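Asks: Just dropping this structure here.
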Amino acid sequence: MKRISAPFIERVRLSSPVQRIRRLPDGVLIDGGCGWERFDQVVLATHADQSLAMLGDADDDERRLLGPFPIAITKPCSMPMRG
């Protein structure tokens, strides 16, 4: 990770949760809780429902693809035993 991020490590921010994302014709605005900042692009590396919540202007396809996922419930007795 250090080698990959080395060229831009001074711009990496940790513990800066994104509240909202607004798309622009030539970039995006990110609200990280301290006001809006402009970026060329954004990569959302979150759970689908979290990404959808950040996108204030999600289109129909994004709502369909990032919307609720069915949850698989497994009986505890069918889980493999540790040991």
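The values are calculated or read from the model by the stated rules, or taken from the named source; none is laboratory data. These numbers were taken from a predicted model, which means no experiment stands behind them. Here Cβ is always computed from backbone atoms with ideal geometry, including for glycine, and neighbour counts include all displayed protein chains. The area values use the complete protein model at the heavy-atom level, side chains included, leaving out ligands, DNA and RNA. Shrake-Rupley method; radii C 1.70, N 1.55, O 1.52, S 1.80 Å.
Asks: Contact list please: Cβ distance under 7 Å, first residue in the stretch 12-27 and in contact (Cβ under 8 Å) with a residue 24 or more places away in the chain, second residue of a type in the set (Val, Ile, Thr) and open to solvent by less than 100 Å² (accessible area, probe 1.4 Å), pairs at least six apart or on different chains.
Replies: Note: pairs meeting the criteria are Val18/Ile30; Ile21/Val28; Ile21/Ile30; Ile21/Val42; Arg22/Val28.
Asks: If I ask for residues that are open to solvent by less than 100 Å² (accessible area, probe 1.4 Å), out of contact with any strand residue (DSSP E or B) (no Cβ under 6 Å at 6 or more places or on another chain) and among the small types (Gly, Ala, Ser), which ones from the stretch 3-30 would you list?
Replies: Selection gives Ser5, Ala6, Ser16.
Asks: Now, a different point. Against the definition (surrounded by 10 or more Cβ atoms within 10 Å (Cβ to Cβ) and at pLDDT below 90), how does Leu44 come out, yes or no?
Replies: Spelling it out, Leu44 is indeed surrounded by 10 or more Cβ atoms within 10 Å (Cβ to Cβ) and at pLDDT below 90.
Asks: Something else about it: Identify all residues within the stretch 28-59 that are under 25 Å from Phe69 (Cα atoms), in a loop (DSSP other than H, G, I, E, B) and either charged (D, E, K, R) or in contact (Cβ under 8 Å) with a residue 40 or more places away in the chain (or both); write none if there are none. Give the derivation first.
Replies: If we filter the stretch 28-59 for residues that are under 25 Å from Phe69 (Cα atoms), which is where we start, we get 42-59.
In the following step, the residues that additionally are in a loop (DSSP other than H, G, I, E, B) were identified as 42-47, 56-59.
Across the stretch 28-59, the qualifying residues are Asp57, Asp59.
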